[in-house]
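Undergrad: For reference, the structure I am asking about is given below.
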Amino acid sequence: MAITAVFPGTFDPIHFGHIDIAHRGALIFDKLIVAVYDRPLKSLLFSPEERLALTRNALNGHSNIEVVGYSGLTVDFCRKVNVKVVLRGLRVFSDFEHEFRMALANNRLAPEVDVVALVTREQHTFLSSTTVREIAALGGDVSSMVPPIVEAALQRRFKELGEGQTVVPMTALRD
Ligand code: ADP
């Protein structure tokens with residue numbers, strides 16, 4: 001029996017940590033649906049269309065990876081596409097707590113859907129979309145964290161937003 005997994009996320013934007021989890025997932029499962037959440041309740045840098053396009057581009061060339069957009073509950077999306085495995089990535093202990101709570105909540109809603117979590121590779125432990133956005137907002141070099149197409153999109157987006165942008169709050173990396 002062929003097994004498909006859904007790898008859901010905001011991907012704002014996709015980075016090498018996500019890409020590594022997607023590549024490894026595509027080796028484990030027969031098919032991987034990378035599901036880009038289209039209306040998260042947090043301030044986003046890129047539109048759903050841009051996040052989809054960047055994610056598609058970054059994962060191009062893998063015949064068993066499909067990238068689609070979705071809204072609403074992840075478990076409802078899983079039911080819609082008839083998938084019973086959700087793939088997630090784990091970086092640090094705080095991820096574990098978040099994933100643990102979400103897995104339990106999702107399990108209450110859809111007991112037939114299981115979560116499989118892959119532990120990040122050492123070199124991606126610190127990598128998050130928030131860190132990438134913050135470094136790029138301050139003009140830092142993100143070329144070791146994201147593919148060139150994402151780097152170009154970040155430069156374009158921050159140019160559009162201008163100096164006084166407030167989309168990315170500066171919390172950790174300035175000063
Ligand atoms: P969400 O907004 O749902 O947290 P993200 O786009 O931030 O979605 O991430 C999607 C998934 O990718 C999550 O399971 C997250 O833990 C995982 N992930 C993010 N960064 C990394 C990384 N550096 N290494 C491994 N997994 C990661």
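The values are calculated or read from the model by the stated rules, or taken from the named source; none is laboratory data. Computed from a predicted model, the values in this text were never measured in an experiment. All Cβ positions, even for glycine, are placed from backbone atoms using ideal geometry, and neighbour counts span all protein chains on display. Side chains included, ligands, DNA and RNA excluded: accessible areas come from the protein's heavy atoms. Shrake-Rupley method; radii C 1.70, N 1.55, O 1.52, S 1.80 Å.
Undergrad: Between beta-carbons, use under 11 Å as the cut-off and find the net charge around Val142, counting Lys and Arg +1, Asp and Glu -1.
TA: Residues close to Val142 contribute a combined charge of -2.
Undergrad: So what is the calculated 222 nm ellipticity per residue for the chain, using -39500 (n - 2.57) for each DSSP H run with n of 4 or more, over all residues, to the nearest 500 deg cm²/dmol?
TA: Rounded to the nearest 500, the figure is -12500 deg cm²/dmol.
Undergrad: Taking the square root of 5 times each eigenvalue of the Cα gyration tensor, what semi-axes in Å does the equivalent ellipsoid of the chain have, largest first?
TA: Semi-axis lengths for the chain are 28, 17, 16 Å.
Undergrad: Which of Pro13, Pro147, Pro111 moves most in a GNM of the chain, Cα contacts under 10 Å?
TA: It is Pro111.
Undergrad: Still on this structure: Over the chain, with a Gaussian network built from C-alpha contacts below 10 Å, which listed residue (Leu109, Leu59, Leu127) shows the highest mean-square fluctuation?
TA: Leu109
Undergrad: Taking all pairs of different Cα atoms in region 129-174, averaging 1/r and flipping that mean, what Kirkwood radius in angstroms comes out?
TA: It is 10.7 Å.
Undergrad: Have a look at Ala22, Ala137, Ala105 and tell me which one the Gaussian network model of the chain (Cα, springs below 10 Å) gives the largest fluctuation.
TA: With Cα springs under 10 Å in the chain, the top fluctuation among Ala22, Ala137, Ala105 is at Ala105.
Undergrad: Just how much of His98 is accessible, in Å², when a 1.4 Å probe is used and the result is rounded to the nearest 10?
TA: His98 has an accessible surface of roughly 100 Å² with all protein chains in place.
Undergrad: Using the Karplus curve 6.51 cos²θ - 1.76 cosθ + 1.60 with θ = phi - 60°, what ³J(HN,Hα) values do you get for each residue of region 62-70, in whole Hz, with x for Gly and Pro?
TA: Calculated HN-Hα couplings, in order: 9, 5, 9, 10, 10, 10, 9, x, 8 Hz.
Undergrad: Give me the percent of the accessible area of region 16-175 that comes from carbon and sulfur atoms, probe 1.4 Å, all protein chains in place.
TA: About 54 percent, which is the carbon plus sulfur part of the accessible surface.
Undergrad: How much length, in nm to one decimal, is gained on full extension between Phe100 and Ser47, taken as 0.36 nm per residue of separation minus their Cα-Cα distance?
TA: In short, 16.3 nm is gained.
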